[in-house]
Amino acid sequence: MTESPDEDYRRAAVDLLGAIAYGELSAFERLVEDAKMAPGIGDKIAIGAMATAEFGHLQKLVERLEQLGADPAEAMQAFRHSFDSFHAHTAPSDYYEGLIKAYVGDGLAADFYREIAAYLDPETREVIISSLEDTGQTAFIVERVRAGIAEDHRLGGRLALWGRRLMGEALTQAQRVAGDRDSLTALLAGGVDRPGLDLAALGRMFARLTELHAARMAELGLEA
């Protein structure tokens, strides 16, 4: 079993892995629901493939949690209320909103976790980075959204507003996840033997997240 001699660090790594793992589980469940709204069988297959990829990512995170001596279900449970509340507040009203949420919302969360993963040990960081990789299916979302906007230009305005709302909700969620757990706050603050984020670095991090969000919206043909 690979374990850090610093128990505070180990707790932070377990918390971060638990948060990401529950996020992957939520994404899997949500995509299964989104597939029900898909207009055709081809779309259902594509969304199903995305859900399968999310579950594959979850298994890697569970394995790493076990290597760190943690109970994966317990580590994930700590974030259940926060994630479930976020998804309840951002439930899509139709198929297109579900696609935007999968691409923009999940993309922003992945960017945030990549930023934090930079402060972890190489093995844990690699597991997190690989669990957040785009498996290629998101190209399907870009194609579908652009096609939908081409057919109905009014759709673009509505989805742009939806994307902005997701941005605000996702940033609030990211700050809540980091702030609600003392171990993650300490991880970001750093220590004598570990670099951390000061206020200026934190500001630059959120600026990068905003820029990446704008790039995703532009790829969809939407105004950020």
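The values are calculated or read from the model by the stated rules, or taken from the named source; none is laboratory data. Since the model is a prediction, treat every value here as computed from it, not as a measurement. Every residue, glycine as well, gets a Cβ built from its backbone with ideal geometry; the counts of neighbours run over all protein chains shown. Surface accessibility is based on the protein's heavy atoms, side chains included, excluding ligands, DNA and RNA. Shrake-Rupley method; radii C 1.70, N 1.55, O 1.52, S 1.80 Å.
Any residue at all in the stretch 31-54 that is closer than 16 Å to residue 127 by Cα, surrounded by fewer than 17 Cβ atoms within 10 Å (Cβ to Cβ) and of a type in the set (Gly, Ala, Ser)?
no
For the stretch 137-170, a tally of residues being hydrophobic (A, V, I, L, M, F, W, C), under 21 Å from the mean Cα position of the chain (by Cα) and either closer than 21 Å to residue 31 by Cα or open to solvent by less than 20 Å² (accessible area, probe 1.4 Å) (or both) returns 11.
Scanning for something open to solvent by 30 Å² or more (accessible area, probe 1.4 Å) and not in a helix (DSSP H, G or I), does the stretch 58-73 turn up at least one residue?
Yes, that holds for at least one residue.
So the check is Cβ under 8 Å with 6+ separation or different chains; which pairs have a first residue in the stretch 125-149 that's closer than 30 Å to residue 13 by Cβ and a second one that's modelled with pLDDT under 90 and open to solvent by 50 Å² or more (accessible area, probe 1.4 Å)? Within 8 Å, the pairs are 125/118; 128/114; 129/114; 132/114.
The residue of the stretch 171-204 that is least open to solvent (accessible area, probe 1.4 Å), among those that are at pLDDT 80 or above and closer than 27 Å to residue 88 by Cα, is 173.
Against the test of being farther than 25 Å from residue 223 by Cβ, of a type outside the set (Val, Ile, Thr) and outside any helix (DSSP H, G or I), the options 113, 119 yield a single qualifying residue, 119. When the stretch 74-86 is filtered for residues that are surrounded by 18 or more Cβ atoms within 10 Å (Cβ to Cβ) and of a type outside the set (Phe, Trp, Tyr), the ones remaining, listed by number, are 75, 76. The condition of being touching a helix residue (DSSP H, G or I) at 6+ places or on another chain (Cβ under 7 Å), part of a helix (DSSP H, G or I), at pLDDT below 90 and buried (at least 19 other Cβ atoms within 10 Å of the Cβ) holds for only one of 21, 12, that being 12. Taken as a whole, the condition of being over 15 Å from the mean Cα position of the chain (by Cα), among the charged types (D, E, K, R), assigned to a helix (DSSP H, G or I) and surrounded by fewer than 18 Cβ atoms within 10 Å (Cβ to Cβ) does not apply to residue 97.
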